[in-house]
Amino acid sequence: MERSGWDLGRDDVEHLLHEAAAMRGESLWQDALRRLRRNRAAWSSLLFLALVAAVSLFAPALPLPSPVTLDLQLEPQPPVAPWSVWGSHGFEPDYWDLTAVDGLLVKARLAVFGDWQTGHWLGTDGKGRDILSRIVWGSRTSILVALAATLCSLLIGVTYGALSGLLGGRVDNLMMRVVDVLYSIPFIFLVIFLITLVNEYRTELEDRFGIDREVVFFIVIGAVYWLTMARVVRGQVLSLRNTEFVDAARVIGASTARILFVHLVPNVLSIVIVYLTLTIPAVMLFEAFLTFLGLGIEPPKVSWGLLAVDGSEMVNPVRIYWWLVVFPAAAMASTLLALNVLGDGLRDALDPKLRGKD
Amino acid sequence: MSSPPLLRVRDLAVHFPVGRRGLLGRPARHLKAVDGVSFDLERGESLGLVGESGCGKSTTARAIVGLQRASAGSVQLDGVELTGLDRRAWLPHRRRVQMIFQDPYASLDPRQTVGSILAEPLSIHGLAKPRRRKLEAMALLEAVGLNPRHVARYPHEFSGGQRQRIGIARALALEPELLICDEPVSALDVSIQAQIINLLDELRRRFGLAYLFIAHDLAVVRHLCERVAVMYLGRVVEDAERERLFASPRHPYTRALLSAVPVADPARERERRRTLLRGDVPSPLDPPGGCPFHPRCPEREAVEGDACAVSVPSLGRVGGGDDAACAHQSACHLDPTLE
Amino acid sequence: MATPMLSVRDLSVRFDTPHGSVRAVDGVSFELHEGETLGLVGESGSGKSVTNLALLGLVPSPPGVVEAREVRFGERDLATLPPAELRRIRGNEIAMIFQDPMTSLNPLLTVGRQLTEVLEEHRGLSRSEARTLCARGLGDVGIPEPEARLDAWPHELSGGMRQRVMIAMALLCRPRVLIADEPTTALDVTIQAQILELLADLQERHGTAIVLITHDLGVVAGMADRVHVMYAGRLVEAARTDDLFGRPLHPYTEGLLASVPSFDGDPTQALASIPGQPPDLVDLPPGCAFAPRCPLASDACRARTPLLEEVTDPRSSRRRRSACLDALALAERHAGEASR
């Protein structure tokens, strides 16, 4: 074959390259994004979740009262409308140990707003802490937990599943048996056991290894939530592994790693993403559940689960402090709903049967 | 002695274990997908491998390019043994042997642009600098009759026929000498099929390619191949030059196959007599003893005794020129020239 | 001419998707007479299968919308029939066989169970009566040991055998019309030959009218009395088989015939092929859908969609139907070639 025979003139080449760049095709991702945009419910869910993420990320920089500042009162104060009490002065930055970034954000807040803080728009709890602020700060825990599970799912789950599916045969058999074994461990008990253990040797562990309950909590979440992902991905890869484009890659001499990461993983990503939007709510609920049992996040830190605990403790037949329960529950419910709607929308948007149709 | 043929396949066998029990159990039995296939392919020659589904023609092709491990036999490219090579050892030979696949919808990675599909073989073999690869991709598109400006598009933006052209361009990227075509037109509509056949024909002449063309459609093979080998149940039963095979087929199976193909001519369809075969192709898991074709053979009565049911006839010369390359071979007890 | 047993006028099927509507079938009319075989030819996406699904009310709705001026079957109009009545006709008087014999049988029921169900449903026969009839039906389609086969499971049968079972099932109620949608496409040529022979033989014995939907021109040439060619949802040519293959009056038919590799052409010559790609049904060009690929296309073709109209073939003086503005010119060219 004469490769030189195909060469086009120099000017021609530049021109053609230019034109080719202009005629960029639409990737399946772009196509999916466009279709997701048309799904109004899913798109607004995505925007809502982005807002939640932004608010929780920049929580220290927002002019909210500190979630831990106690203001000893006899009972919880009901919500006040922003137009009646817009805000007050007297904010003091007292938090638990914050990270350096959060410390900077607090400094930024002090520089911009001074000691001004918002009023108790969503009321206060029995110890006079601002509910809005606690919800916002609590969302950080939920999102952190979600991120941890996502990361584990993606890194361990996808790689493990893809490798298992691609190698196939006995290796696959062995790898999947390992997953089965991990699956069969009753995790609730494991968590209870581990956390009691940590409580027992608390000081020792913290001083020597820097392991506290939160770390254990994240390790447990990480250990559980990649398993299903590994199975899902393995199933997908198993069905893709014998398709002709993988054969074609082998025939041109592609290595196993190349086939795995250039051809297989991008093709299972759509399923992975949809699956993630279903995992995240489950993880958030799991966190709330553990905290509710007293095994998760500890005061003074806040999480949505903790808010639910606090709220439910205040419920009594004589006086119902509804705002203690309704607002945290609404925050959690709307986030979970948004995640589910987004998951649904993503599944439709990434559906190969609808590809190319706008 | 003359130089070895471009491709020499000798007694190639591919057996699949079936019914393995447990994790480490031994397979209960073997499915003999390919069972002793031999042929030669010269430089620039085009050999058609035809047969019905399950006859082992695709498995033969996959074994030749190393997608399937051969259980026995040898595959030699220019005298170099290919069976048993690992990926690294295969790599230099990949540039000489490439493959075109059947399903234009499954053979292109949907997440890659056409440009990166075509550049991938170049980058794996380190052929051309990254910037030049895009140009090479454009030149390849041009060579297969597509608009070179479409390099940045994705496979789903093309129709079936256009995708098959992209698959052909990918196979050409490494400038191979031998193209294995696994039913490249059978998934296409008639009008598009003709375009691709013409393209393959043109490319062969232009680049001096040799084809191993696998198909079930005899008319397509007649159009593209100078020599045809007919397979039945994992074996080659007849191997002859195009003119001889279509004008005077020797093996009863070839005759039946030729007579079964419908022709787009009502007058000829009305007057022609079909040799209807009895029954179905036997399962390769449980092949009949003796000649694999004997339970369905319409001419079995002509053979005296029960040789057909007892011994497997070997491929033997029944005519053709003196040159080995134009020999007409058939595997049937009916042929008096055979032992 | 006798009254046709099935007559379809202006059948249209469109699929309304959120992204625009797809005209899968557009204004198709045809007739089917007692005992004849009508070939319906076209490439994928030409609407040939959807046409027949629409006849029997099998187009999923939504998204499918079926419109027809008339679908007359004997005395009844299928288009206005209530679904229950239509179900009685379907399988009983009009039967269908599909392309894929692997998926059309329920893998969880024995062959016999699936066959007898049809008779019990449509004829109200008892199980044992039905079994006897079914065994006879299997014997009719050339299945050896039919009695034993009644107890077989679908996975125990080969592809050819399964297609025979499907045919036997379709013919159990002695339908007057058999719609065969690509009945041999999934089968090997030697098995295809058996099945085609079987269909022809059964038609001769029972006088069933067959609508044969296929993309394979060879199959049509051997089986059909008349052939209708579809392109992009419309009928582009309708003729007797001999006329169509001998003197096609539509450039698409002509191109299609020329692009089939044959056993007697010169193999070293390039095949004639139709340039370009089939059109996108969502975004059909104005005028004749074939115009972008047509060697004869003029501005008139691109301006309005030509309808299937009668043309008199100057050679045979038979009346033919073609949806090409240049049909007469094509006919004269064929006549000129013949006289030369």
What's the angle, to the nearest 10 degrees (0 to 90), between helix B:160-172's Cα axis and the longest principal axis of chain B? 80
Sequence-distant residues sharing a close amide H with B:Ala210 (under 5 Å, placed H): B:Gly44, B:Leu178, B:Leu179
Which whole-number percent is the relative contact order of chain A (Cα, under 8 Å, 6+ apart)? 25
Peptide-level mean, for B:213-224, of C-beta atoms on other protein chains within 10 Å: 3
Tell me the accessible surface of A:Arg140 in square angstrom (1.4 angstrom probe, heavy atoms of protein chains only), to the nearest ten. 50
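Counting only helical runs of four or more DSSP H residues, what would the 222 nm mean residue ellipticity of chain A come to if each run contributes -39,500 (n - 2.57) and the total is spread over all its residues?
Only helices count here, giving -21000 deg cm²/dmol.
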Of all DSSP beta bridges in chain C, antiparallel share, percent nearest 5: 60
Inter-chain shielding of B:139-148 (mean C-beta neighbours from other protein chains, 10 Å cut-off): 3
Any chance you could look up the accessible area of A:Val341 with a 1.4 Å probe, heavy atoms only, rounded to 10 Å²? 50
When every protein chain stays in place and a 1.4 Å probe is rolled, A:Ile320, A:Ile271, C:Ile89 sorted by accessible area with the largest first are A:Ile320, A:Ile271, C:Ile89
Using 1/(1 + (r/R0)^6) with R0 = 35 angstrom and r between the beta carbons of C:His155 and A:Ile185, what's the FRET efficiency to the nearest 0.05? 0.35
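Hey, what did the range C:1-137 get for relative contact order, percent, Cα under 8 Å, at least 6 apart?
22
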Pair A:Thr159, A:Ser88: separation of 7 Å Cα→Cβ label points (nm): 5.2
In whole percent, how big is the carbon plus sulfur part of the accessible area of the range A:166-271, probe 1.4 Å, protein atoms only? 64
Compute the helix-to-body angle for C:111-123: its Cα long axis versus the longest principal axis of chain C, expressed 0 to 90° and rounded to tens. 80
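If a/c stays under 1.5 just call it rounded; otherwise compare a/b with b/c (prolate if a/b is bigger, oblate if not). Do that for the protein assembly as shown, with a ≥ b ≥ c from the square roots of the Cα gyration tensor eigenvalues.
Prolate shape, in that a/c is at least 1.5 and a/b is the bigger ratio.
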Using heavy-atom solvent-accessible surface (probe 1.4 Å) with all chains present, what is the largest-first order of A:Trp83, A:Trp322, A:Trp96, A:Trp226? A:Trp83, A:Trp322, A:Trp96, A:Trp226
Please work out the Cα center distance from the range C:302-330 to the range A:134-178, rounded to the nearest Å. 65
Residues A:Leu104 and C:Asp100, FRET efficiency given R0 of 45 Å [Cβ-Cβ distance, rounded to 0.05]: 0.10
Let me confirm one metric for peptide A:249-260, namely the mean number of other chain beta-carbon atoms within 10 Å of its residues' beta-carbons. 6
How many percent of DSSP beta bridges within chain B run antiparallel, rounded to 5? 60
Counting sequence-distant residues (5 or more places) and residues on other chains, those with an amide H built under 5 Å from that of B:Val34 are B:Val14
Could you work out the relative contact order of chain B, using alpha carbon pairs under 8 angstrom and six or more residues apart, expressed as a whole percent? 18
So for the pair C:Ser44, C:Asp264, with labels modelled 7 Å out along Cα→Cβ, what separation do we get in nm? 3.2
Residues of the range A:321-351 with the amide nitrogen closer than 14 Å to a label point 7 Å from the Cα of A:Glu75, along Cα-to-Cβ, please. A:321-324
Ordering B:264-275, C:128-139, A:149-160 by per-residue average of other C-beta atoms within 10 angstrom, highest first, gives A:149-160, C:128-139, B:264-275
1/(1 + (r/R0)^6) with r = Cβ-Cβ of C:Glu147 and A:Asp207, R0 = 60 Å, i.e. FRET efficiency to nearest 0.05, evaluates to 0.10
Crossing angle, helix A:169-184 versus chain A [Cα axis fit, 0-90 degrees, rounded to tens]: 10
Distance between modelled label sites at A:Lys127 and C:Glu121, nm, 7 Å Cα→Cβ extension: 6.9
Over the range B:165-250, with the other protein chains present, what is the accessible area per residue in square angstrom, probe 1.4 angstrom? 23
List every residue whose amide H lies under 5 Å from the amide H of C:Phe290, counting only residues 5 or more places away in sequence or on a different chain, with H placed 1.01 Å from N in the peptide plane. none
Expressed in square angstrom to the nearest 10, the accessible area of A:Asp97 with a 1.4 Å probe stands at 150
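Using a 1.4 angstrom probe with every protein chain in place, what is the largest-first accessible-area order of C:Arg88, A:Arg258, C:Arg164?
C:Arg88, A:Arg258, C:Arg164
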Within the accessible area of the range B:30-139 (1.4 Å probe), percent carbon and sulfur: 49
Any idea of the total accessible area buried by the C-B contact, 1.4 Å probe, rounded to 100 Å²? 3600
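The values are calculated or read from the model by the stated rules, or taken from the named source; none is laboratory data. Because the structure is predicted, anything quoted here is derived from the model rather than measured. Virtual Cβ from ideal backbone geometry, glycine too; neighbours counted across all protein chains shown. Side chains included, ligands, DNA and RNA excluded: accessible areas come from the protein's heavy atoms. Shrake-Rupley method; radii C 1.70, N 1.55, O 1.52, S 1.80 Å.
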